[in-house]
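Novice: Right, I'll just put the structure down here and ask away after.
Throughout, read-outs are computed from the coordinates displayed, never taken from laboratory work. Bear in mind the structure is a predicted one, so any value in this text is a computation, not a measurement. When we count neighbours, we look across all protein chains shown, and the Cβ atoms used for this are built from the backbone with ideal geometry, even at glycine.
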């Protein structure tokens, strides 16, 4: 018998920091780089991803006993695509401007490896409760990562946070921060920082 | 004893029934979502269209603009906008046109003067072109190229600075998207010129109906 599967609480907590989808697993890099120029699009993307991830996790866990091994990826993809389309239509109906700003990145949630990896690793093997906890934990971890990158980029690049001015007007806004290179720079520096903190904690105990 | 053909078919069904069932269920769910949200999305799009009309036809005022439903070439009713200035003087048209882009359907608004001689503005309503390349078709810098172009000369794409009338400079790395926009504009003008100009001569022909703009 292999080691026991993680419990719901372990799944939930792992998703936030120890197995953070962005900082530890480097998954979902496309939205991480593309929509983190400001807080609003970053959090909208995080919410849409959370909806898809939690719904897909629940549904796959419910039907996990019926999955055929060689058809499981097909079922995962169909399920994810359905929830992504629902999220996309909802944004177009109720948050039209945001939907236009995010453009193709909402439909592209289908290709976010974070979701299919959770279907494969957790929800196709564990109970509905564990799959739900896993979905919520991973969603929080993803939101935390997007928000941290967006905070740095929006404050340094536009002098604002959530659209509110936070830096004095004499601050020269760093235009590069809201452009694609800024995404790579901030992601790289924050990854290094998280790694450094983790390393220090590991050696000090 | 079952014959091998039946055995094979039964085997397929045993393997794939879940995929088939989920396909039907998901399809039904998406149809439901679409039915309930489509009117609201259409409303959002109409509002966006109305907001950009003054930009597409200089001097146009939304309160004076009429929305017309005219039978298109396929027979189905299509929507176009007859714009007017603050004094109520007819000053242009806004066409709604769509076509295949590089990635997906592109939907465009085309502003024209009343006689269909000059393009007064182009706006991209919906697109899913490649981020960073093709989606630059939304940029004002690109779309400003269309302003003032003759509606009598079909638009074409060039890679260098345009030297002839009707030439549009391609976006770097997105020639297909640029061509798509030009083709959609050309087709829209071709499609609507005769029906609209004919209609202006015989305005009481009864094939159009003006709707109140909400």
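Novice: Across 5 Å bins from 0, what is the distribution of all Cα-Cα pair distances for segment A:8-204, in whole percents?
Specialist: Per 5 Å bin, starting at zero, the Cα-Cα P(r) for segment A:8-204 comes out as 1, 8, 15, 18, 18, 15, 11, 7, 4, 2, 1, 0, 0 percent.
Novice: Okay, next question. How far is the Cα center of segment B:23-61 from the Cα center of segment B:80-152, in Å?
Specialist: Between the Cα centres of segment B:23-61 and segment B:80-152 lies a distance of 17 Å.
Novice: Would you mind giving the three semi-axes, in whole Å and largest first, of the ellipsoid equivalent to segment A:1-80 according to its Cα gyration tensor?
Specialist: They are 26, 18, 12 Å, listed from largest to smallest.
Novice: Taking the alpha carbon gyration tensor of the protein assembly as shown, what are the square roots of 5 times its eigenvalues, largest first, to the nearest whole Å?
Specialist: Equivalent-ellipsoid dimensions as semi-axes: 47, 31, 19 Å.
Novice: Report the extension gain between residue B:45 and residue B:199 in nm, rounded to one decimal, defined as 0.36 nm multiplied by the number of residues separating them, less their alpha carbon distance.
Specialist: Values: separation 154, 0.36 × 154 = 55.44 nm, distance 2.68 nm.
52.8 nm is the gain from fully extending residue B:45 to residue B:199.
Novice: How many nm separate the modelled label positions at residue B:6 and residue A:174, each set 7 Å beyond the Cα in the direction of the Cβ?
Specialist: 7.4 nm
Novice: Just tell me how shielded A:86-96 is by partners: mean number of partner chain Cβ atoms within 10 Å of each residue's Cβ, no decimals.
Specialist: 5
Novice: So what is the 222 nm mean residue ellipticity for chain B from helices alone, if each DSSP H run of at least 4 adds -39500 (n - 2.57) and you divide by all residues, rounding to the nearest 500 deg cm²/dmol?
Specialist: So the calculated ellipticity at 222 nm is -14000 deg cm²/dmol.
Novice: A follow-up question, please. Taking R0 as 56 Å, what's the FRET efficiency between residue B:175 and residue A:5 from their Cβ-Cβ distance, rounded to 0.05?
Specialist: 0.60
Novice: To continue, here is another question. Using Cα centres only, tell me the gap between segment A:1-51 and segment A:121-150 in whole Å.
Specialist: First find each Cα centre; the distance between them is then 6 Å.
Novice: Sticking with this one: Can you figure out the FRET efficiency of residue B:76 with residue B:115, using R₀ = 35 Å and their beta-carbon distance, to the nearest 0.05?
Specialist: E(calc), rounded to 0.05, equals 0.85.
Novice: If you don't mind, another one. Just to confirm the number: angle between the C-alpha axis of helix B:175-201 and the first principal axis of chain B, 0 to 90 degrees, nearest 10?
Specialist: 60 degrees
Novice: In segment A:133-165, which residues have a backbone nitrogen under 14 Å from the label point lying 7 Å from residue A:193's Cα in the Cα-to-Cβ direction?
Specialist: The answer is A:144-157, whose backbone nitrogens lie closer than 14 Å to the label point.
Novice: Simple spin-label model, 7 Å along Cα-to-Cβ: residue B:153 to residue A:100 in nm?
Specialist: Roughly 3.1 nm, to one decimal.
Novice: Which shape class applies to segment B:71-152: rounded if a/c is under 1.5, otherwise prolate when a/b exceeds b/c and oblate if not, where a ≥ b ≥ c are the square roots of the Cα gyration tensor eigenvalues? Before the final figure, lay out each step's value.
Specialist: On the way: a/c = 2.31, a/b = 1.41, b/c = 1.64.
Oblate.
Novice: How much of the calculated P(r) for segment B:56-211 lies past 24 Å, in percent of all Cα pairs?
Specialist: Percent of Cα pairs beyond 24 Å in segment B:56-211: 33.
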